[in-house]
Structure formats: structure tokens, C-alpha cells
1. Suppose a student asked you for the relative contact order of chain B, using Cα pairs under 8 Å spaced at least 6 residues apart; what percent would you report?
2. On average, how many beta carbons from a partner chain sit within 10 Å of the beta carbon of a residue in A:104-111?
3. For chain B, what is the percent of antiparallel DSSP beta bridges, rounded to the nearest 5?
4. Could you state the angle between the C-alpha long axis of helix A:105-116 and the longest principal axis of the C-alpha atoms of chain A, as a value from 0 to 90 degrees rounded to the nearest 10?
5. Taking Cα atoms, how many degrees apart are the long axis of helix C:133-154 and the longest axis of chain C, rounded to 10 and kept between 0 and 90?
6. Provide, in order from the shortest bin, the percent of all Cα-Cα pairs of segment C:219-278 in each 5 Å bin, continuing until the bin that contains the maximum pair distance.
7. Using a 10 Å cut-off on Cβ atoms, rank the peptides B:61-67, B:116-122, B:191-197, C:130-136 from the highest mean neighbour count down.
8. By per-residue mean of other Cβ atoms within 10 Å, what is the highest-first order of B:213-221, A:102-110?
């Protein structure tokens with residue numbers, strides 16, 4: 001069996017694979033465009049032996065206006081894991097569903113629908129409540145949702161909870177004569 | 001908070017649609033009889049709660065309280081992580097049964113609701129239902145710092161911060177997580193309270209019913225049940 | 001493969017919709033099964049989770065790396081140590097910190113003790129689900145002895161917060177080896193008793209054999225890992241296939257079975273407890289007594305982890321437990337995803353296996369899959 005780079009080269013003729021990152025010996029990340037993703041997933045599963053979908057998750061890059069889906073596939077024979085990234089438009093996030101390829105994918109897609117608002121047309125029970133019930137705000141895992149402000153507004157907090165910034169605390173209580181002029185980055 | 005963007009809304013029919021089996025529908029019995037059912041009316045009793053009156057004689061009330069203190073039946077509802085430290089209590093090492101405590105599978109037989117740890121909004125709804133189904137006099141114990149002020153999850157969007165706003169708490173047990181010994185000490189403290197006649201949470205709940213309901217509805221947005229259901 | 005659920009006409013009067021949970025003694029933890037039954041037989045099963053959702057992944061995004069360390073152990077309640085280890089491992093990989101050898105041994109010891117404690121609770125659970133309450137009383141009591149060891153080692157019974165990024169928080173206490181060996185002997189004796197009482201019990205055999213059979217071709221389709229997978233005949237164990245910590249220096253067997261029903265899964269777990277005791281004895285013997293147990297760390301109060309992403313996994317009692325972390329070079333994490341093995345076992349798999357069984361067996365079926373709701377919804 002070839003290494004991950006060979007494998008990606010093999011698929012590179014048919015798919016626009018970019019940003020290949022060999023994180024460690026048994027873990028490689030790469031990126032494909034949205035329209036080729038599910039076709040490549042199917043080929044990886046059926047031909048290249050990546051039969052185990054470890055998880056499907058999403059990363060929110062709010063400053064670039066994209067969502068990055070991450071499909072984590074594992075090959076039990078070569079003991080190698082592939083992380084496949086797919087960029088989606090953040091404002092109109094929609095992705096092809098893979099519930100026909102892995103049974104647990106439907107659950108992951110339900111979770112992403114609820115937590116990020118990504119649509120997966122055709123995925124079963126997609127609009128059912130997953131974790132939240134009676135949720136009336138924007139999907140909570142999106143970066144613009146401020147969970148602390150929401151918690152204080154809706155649940156209130158009991159008096160007496162103080163916050164201590166350790167840096168300020170140390171400055172005031174322990175080293176009152178210390179100045180910040182010392183060179184930074186001396187970690 | 002910002003108003004919700006309409007594009008995220010899952011169902012546009014109503015704000016929070018009733019579950020399918022909660023809508024009025026018809027059922028055909030095996031013998032062919034057709035029955036109309038409106039679940040919100042038929043599945044719940046809508047009688048409002050009443051204050052559990054004290055006995056006229058103090059000595060009788062004291063006797064009642066003594067008896068109540070010695071048969072605390074806990075509803076076996078593990079709402080959070082604290083439930084894992086309740087299990088050792090059932091086993092020979094800590095043996096809570098010697099204090100007249102036992103775990104019951106249904107709210108109808110229990111008179112002590114132990115909220116073991118953080119309470120998500122979804123569980124809060126079930127906890128309220130379980131509490132209202134328990135026969136009075138009933139007691140509530142909040143376990144762990146999450147019920148007191150949110151604890152570790154004070155900024156979480158899905159866990160409540162002050163449990164006593166939603167149900168009348170007789171006793172809090174602190175810690176994250178509380179050890180079995182602390183649970184035992186807490187229960188003994190609750191017994192002392194009951195014997196002194198100070199554990200009147202159920203009556204407080206009835207007297208401040210409107211306030212509790214307003215708080216509960218502020219948090220639970222899909223309130224598809226009657227106000228008091230038992 | 002997703003199979004559409006059969007359309008049942010509730011108004012025909014043949015079916016009954018039945019909720020099992022969240023407040024139900026036959027449910028592992030706080031989750032619910034929505035069963036559609038015809039007589040005693042289950043026609044359709046839907047699982048409802050989210051009763052324990054705390055939004056960990058969101059909370060971790062707004063805490064610094066060292067502030068995350070005390071909260072991660074609370075993700076999976078009965079097995080917090082795996083979260084601590086994986087969080088430490090994922091941060092160590094991204095920052096390039098290497099924990100010293102002594103710490104690796106102590107971590108392995110800690111994880112295996114936790115595995116044993118978790119299995120003991122599970123053994124009590126499966127006993128109780130099939131009417132063997134005595135087993136529950138025995139095993140939970142013995143689990144308590146292990147929790148005492150944890151208290152001695154770490155200062156806490158359940159949430160230890162012991163495995164920190166860079167090593168562990170302290171050395172093993174004086175005389176720990178003898179006390180641990182003593183507890184292991186007691187647990188081993190208990191296990192032989194349990195084998196007599198539970199695994200040779202006619203009622204238990206009769207009810208579990210043939211219950212919830214996982215066909216081998218379902219394993220990859222449903223993402224089944226851990227003992228559930230090994231009971232279906234697959235020799236896959238992350239401790240052997242992708243050794244982490246010091247598992248490559250320990251001797252142990254990967255237990256498998258072929259029947260793949262509830263009994264086989266129970267038997268695999270039971271045998272793994274013996275393997276765990278074997279590994280723990282090796283750990284106790286070989287853990288270095290000298291040397292550092294904590295790597296040199298930067299100032300963790302403003303600790304900037306370099307940008308990157310990685311996925312670290314470990315074999316916990318239920319299967320593959322993994323942490324996926326994306327950092328962007330700031331003091332805060334960009335994204336953490338926690339892959340709990342119960343996610344697929346309790347939802348997709350349970351919905352499939354429950355169909356065709358009867359109501360009384362759902363509790364036992366669920367326990368035999370060994371699911372913990374807190375790691376599903378996090």
C-alpha cells in the first residue's frame with residue numbers, strides 16, 4: 001500500500017487536491033472543492049480502503065467568511081487517517097449529504113445543522129431537534145454567537161461570582177513594582 | 001441578543017410546532033370505536049396545585065414530620081454528573097438504605113428530587129414535570145455547584161445558572177463533584193430540616209406559583225404542556 | 001447505510017408509542033428512547049439525546065489553553081481520565097512539548113485503573129439490567145476501592161484533573177504499589193465470582209445470547225469501534241495498532257469473539273478486565289521511581305499555541321475516543337471536536353438494533369453497547 005502522498009497523487013489527476021499537510025506519520029490533511037468532495041469520499045471508501053468515518057465536523061473561519069467541513073477517514077489496513085477539508089460559503093452553507101454512505105453521518109449532519117445551520121438536503125430527520133430544544137437564537141456554535149452574554153441575559157447569574165484576571169491579580173497583589181517594559185516573548 | 005435570523009429557522013409553520021402526537025387527532029380502538037383525543041387536555045390533569053395544610057395539633061405535625069424524615073424516597077433521575085456518586089450510596093460501603101432512603105423508579109412513589117448537577121434546558125423541562133408529578137410533601141435537593149450558580153458552566157448557553165428560580169430548593173450540597181459522604185451529610189441535614197418543619201418547599205412552590213411559572217417559561221421556549229401537570 | 005424507518009400509522013390502533021427515558025431506570029444515563037411498539041415487539045426506535053448538552057466545544061473556544069484543562073475531564077463522567085490524557089496529548093503535539101518517561105508510565109497506570117473502574121461499573125450495569133442486582137452491589141463497591149486509590153494518587157475521587165499538558169501533577173504516593181496490588185487482587189477475586197454468578201447464569205445466557213447481533217459488514221458502515229467491534233471478530237485495538245504512551249512495552253492480548261451478540265460483547269469486556277489487571281501489574285512493577293514527572297512548561301497564563309491542527313485518539317472502554325483540535329496561533333483554541341464512541345453506538349446503531357427486540361430487552365441491549373450519553377452531546 002502506498003503512502004498518503006502517493007495516494008493523493010493518484011487521485012490528484014481527477015480531483016483538485018490542495019493544501020496537503022502531513023501532520024504526522026499516520027495523519028494527513030488535504031482540501032478538495034465542494035463539488036468533488038462526495039465523489040472523492042466514495043472513491044476513498046470503496047477503492048482506497050478508508051472505510052471508517054471517525055467523525056464529521058466543521059470549523060468556523062468567520063474572518064474569511066467560510067466554513068470548513070472536516071471528514072476524518074481511517075484506513076484499518078494501513079492504519080492511516082485522512083482529514084478531508086471542504087470549504088463552504090458561510091452565509092449560504094449547504095453540502096451534499098453522505099447519509100447513504102455511513103449510517104452515523106446522518107447524526108453528524110443533524111448536529112451540524114443545529115449547531116452551525118449548515119443544510120444537508122436529503123439527510124433524514126435533519127430538522128429534528130438534536131441537542132437544543134426550543135432554540136430561538138442563531139445556531140450556537142457559530143463564532144458570532146456570544147454564549148456568555150446570552151447566558152447572563154437569559155439565565156442571570158447569582159451575585160458573588162467574581163472574576164480574576166490572573167495577570168492583573170499578580171500585577172496588583174504580588175509584583176506591585178513590576179512594569180510591563182520587560183521584553184515580551186520570554187516564555 | 002440579536003433577533004433570530006429567519007434563515008436559520010427550521011420550521012416556519014409556527015414558532016415552535018407541537019410534536020405530532022401532541023396535536024389533536026383521532027384514534028381507532030381495536031373494536032372499531034373512533035376516539036377524539038386532544039392530548040393537551042386529555043393527557044394531563046389541569047387542577048392547580050394546593051397548599052399542603054399543616055395539622056392542627058403541633059404534636060401530630062411533629063409526628064408526621066418525624067415519619068417523613070425517616071422515609072425519604074429519592075427519584076432515580078440522574079440529571080447530571082452527580083448521579084455517578086449516588087451509586088456508591090446504594091451499595092454496602094455507604095449504604096444509604098439504613099437511613100430510610102431508597103431510590104424509586106417513578107415520581108409517583110418518590111418524595112425527594114435530587115438534581116444531580118448541571119441542568120440543561122431540555123432536562124429542566126423534564127425535571128419540572130417529574131417534580132409536579134411527585135406527591136406532596138416533597139423536597140428538592142440541588143447537588144453540586146452547577147445548580148447553585150452555574151459552576152463550571154456558568155457561561156454555557158444551555159445550562160441554567162440559578163436552580164432555585166425554577167423549583168423550590170430545600171437544600172444545596174456544594175462541591176464539584178460532591179463526595180458520597182457529603183451527600184450523606186446533606187441528606188441528614190435535610191432530615192433535620194424536615195423534623196423542624198422548615199422544609200416547606202412544596203408549599204412555597206404553590207404560593208409563588210406565578211413567579212415560578214414565569215421563570216420557567218422565560219427559559220423553556222417550547223412549552224407544549226399545561227401549566228401544572230400531574 | 002441509512003435505512004428509512006417504516007411508516008407506522010399510529011391511528012390504526014395497532015401500534016403504541018412509548019417513551020423510555022429520560023427518567024427511567026432502564027436507560028444508561030440521561031437520554032430517551034422513543035419506541036413504537038406492536039404488542040411487545042419494537043417496530044421503530046428513535047433516540048433522543050441532548051439532555052446533558054453543555055456546549056463544551058463552545059466553552060473551550062472562549063477559555064485559554066490552561067483554563068480548558070480543568071473542564072475537559074467533565075465531558076465523560078464515568079471516565080474522565082481519557083479526556084484529560086487526550087487533551088494533554090493534543091496540546092503537547094501542537095506545541096511540541098514532550099512529557100517525560102515517568103509521566104508516561106504514570107499516565108498509563110492512571111488510564112488503565114480508570115478503565116478497570118469504568119468496566120466494573122458497566123459490569124454492575126449489565127447485571128442489574130438482567131436482574132442480577134447482587135453483581136451490581138459487588139462491583140460498584142469494588143469500584144469504590146479503585147476510586148480510593150485515585151483519591152490517594154490525585155486527591156479526587158471522580159474528577160482528578162491529574163494529567164496536565166506536559167506530564168502529570170504529582171508522583172505516586174509512598175506505598176501506593178502495595179495498596180494497588182491489594183485492590184487488584186481483590187478485584188480479580190471478584191471477577192472470578194462474577195463469572196460464576198453472571199456468565200454461567202442460565203437466565204443471563206438465555207436473555208443475552210442472540211440479542212442485538214452486529215453483523216461484521218455493519219462495523220464500518222456504522223463506525224463501530226472498541227469491544228463492540230472486537231466482539232464481531234475484528235482484531236483492532238488502538239493500543240496495539242497505534243500505540244500511545246507506553247502500550248508498546250506492555251504485554252497484553254487483544255480479546256475478540258465471533259458471536260457479536262450481547263453475551264459475546266459482555267464476555268469480551270470481562271476478559272479485557274483481566275487483561276487490564278495484567279497490564280496494571282506490569283505498570284506497577286515498571287513505573288520509574290525516579291526522574292521528572294513534568295516537562296518544562298512555558299508560562300501557561302499566556303500560552304500561545306502555534307497554528308495547526310491534529311487529531312489524537314485513544315482506546316477507551318467504549319472504543320475510539322479522539323480529540324480534534326484546530327489552533328490559529330492565539331491564546332484561544334479555534335475549534336475542538338471530541339469524538340466519543342457512544343455517538344454512533346447509542347444513536348445510529350441503537351436505532352438499528354432495537355428494531356425487532358422486545359421492550360424488556362432494550363435496557364440490556366443498551367448496556368451491552370456500553371454507551372455514555374455525556375460524551376454524545378458534550
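1. Working: 348 pairs, mean separation 49.5, N = 230.
Relative contact order here is 22 percent.
2. Working: counts 11, 5, 4, 10, 5, 0, 1, 7.
For this peptide, the per-residue mean of nearby foreign Cβ atoms is 5.
3. On the way: 5 of 17 bridges.
Restricted to chain B, the bridges split so that about 30 percent are antiparallel.
4. With both axes taken from Cα atoms, the answer is about 30 degrees.
5. Taking the Cα atoms of chain C, the angle to C:133-154 is about 10 degrees.
6. It works out to 4, 20, 27, 25, 15, 8, 2, in whole percents.
7. Working: B:61-67: 14.3, B:116-122: 28.0, B:191-197: 16.9, C:130-136: 18.6.
With the highest mean Cβ count within 10 Å placed first, the list reads B:116-122, C:130-136, B:191-197, B:61-67.
8. Details: B:213-221: 15.3, A:102-110: 24.3.
Descending mean neighbour count gives A:102-110, B:213-221.
Read-outs: derived from the displayed coordinates by stated rules, not from any lab. Treat the numbers as computed from the prediction; the structure is a model and nothing was measured. Cβ: placed from backbone, ideal geometry, glycine included. Neighbour counts: every protein chain shown.
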